[in-house]
Amino acid sequence: GAGVSQSPSNKVTEKGKDVELRCDPISGHTALYWYRQRLGQGLEFLIYFQGNSAPDKSGLPSDRFSAERTGESVSTLTIQRTQQEDSAVYLCASSPRRQAPYGYTFGSGTRLTVV
Amino acid sequence: DAKTTQPPSMDCAEGRAANLPCNHSTISGNEYVYWYRQIHSQGPQYIIHGLKNNETNEMASLIITEDRKSSTLILPHATLRDTAVYYCIVRVASSEYGNKLVFGAGTILRVKS
């Protein structure tokens, strides 16, 4: 597709359940990023994938959070045993080769509500 | 990556130029200045970036001071749809192990009719 696609756009889940969020980056973009944005707050970096290199997981807030990426395509962000504090918009972005000052293209996000 | 300082909010009249300042006094020689904006309920949108020369595209102009310690994003004819949070970010263009953008609080620009 032309842009970064995220699904679902909205997700309501019960506390304690696991959720999976999906991101389809722009074709050919080697780098993929996940961010979290709580209501009224700024963007928090979560994790970064670059090609076949080991991902930068430095932003994951706890071991309940994990993410995978298959090659240079789809990525899934998994949150286990969700808590109310996990409620936020989860944003995915992709960019072309790392060796260039390109901008990111963001998706529209997944709004997660934990009840 | 160098830190940036932006005013928390600004107002601009519709049709006038919006000038959004950013201070990055600790910027290094290999760090670029990037601008993004986030319209309510949407993901951030890339606007423009530059190293030391002024840059212009269809969305905006970026003016970087000669010492590179500050920059200004200019929206030449602001419209109501330009109301958004504007983020100024400084980072290296290429990094072997990480290229992530670190977003600060940004500037809330309110364009008023």
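The values are calculated or read from the model by the stated rules, or taken from the named source; none is laboratory data. The structure presented is a predicted model; accordingly, all values stated were derived computationally and were not measured. Cβ placement follows ideal geometry from the backbone for every residue including glycine, while neighbour counts extend to all protein chains displayed.
Every condition in (1) within 14 Å of chain B (Cβ to nearest Cβ); (2) part of a loop (DSSP other than H, G, I, E, B) is met by A:Arg36 except one, and the failing one is (2).
Summed over the stretch B:1-27, the residues that are small (Gly, Ala, Ser), at pLDDT 90 or above and assigned to a loop (DSSP other than H, G, I, E, B) give a count of 3. Scan the stretch B:88-111 and give yes if some residue there is among the basic types (Lys, Arg), at pLDDT below 95 and within 22 Å of A:Gln37 (Cα to Cα), otherwise no. Among the residues of the stretch B:88-111, at least one is among the basic types (Lys, Arg), at pLDDT below 95 and within 22 Å of A:Gln37 (Cα to Cα), which makes the answer yes. Scanning the stretch A:32-47 turns up no residue that is among the β-branched types (Val, Ile, Thr), in contact (Cβ under 8 Å) with a residue 60 or more places away in the chain and crowded, with 19+ Cβ neighbours inside 10 Å. Can you pull out every residue in the stretch B:28-37 that is at pLDDT 90 or above and more than 8 Å from every other protein chain (Cβ to nearest Cβ)? B:Val33, B:Trp35, B:Arg37, listed by residue number.
Residues considered: B:Glu66, B:Glu14, B:Glu31, B:Glu55. Of these, the only one that is among the acidic types (Asp, Glu) and within 23 Å of A:Leu32 (Cα to Cα) is B:Glu31. Only residues that are assigned to a loop (DSSP other than H, G, I, E, B) and either of a type in the set (D, E, K, R) or surrounded by 12 or more Cβ atoms within 10 Å (Cβ to Cβ) (or both) were counted in the stretch A:63-93, giving 10. Every condition in (1) facing another protein chain (nearest Cβ under 9 Å); (2) over 30 Å from B:Pro8 (Cβ atoms); (3) of a type in the set (A, V, I, L, M); (4) in contact (Cβ under 8 Å) with a residue 40 or more places away in the chain is met by A:Leu91 except one, and the failing one is (2). Of all the numbered requirements in (1) more than 8 Å from chain B (Cβ to nearest Cβ); (2) touching a residue at least 12 places away in the same chain (Cβ under 8 Å); (3) more than 10 Å from the chain's Cα centre (by Cα), A:Tyr104 misses one, and that requirement is (1). Looking only at the stretch A:32-79, filter to residues that are more than 12 Å from the chain's Cα centre (by Cα) and hydrophobic (A, V, I, L, M, F, W, C); which one of those is farthest from B:Gly106 (Cα to Cα)? So the residue we want is A:Ala54.
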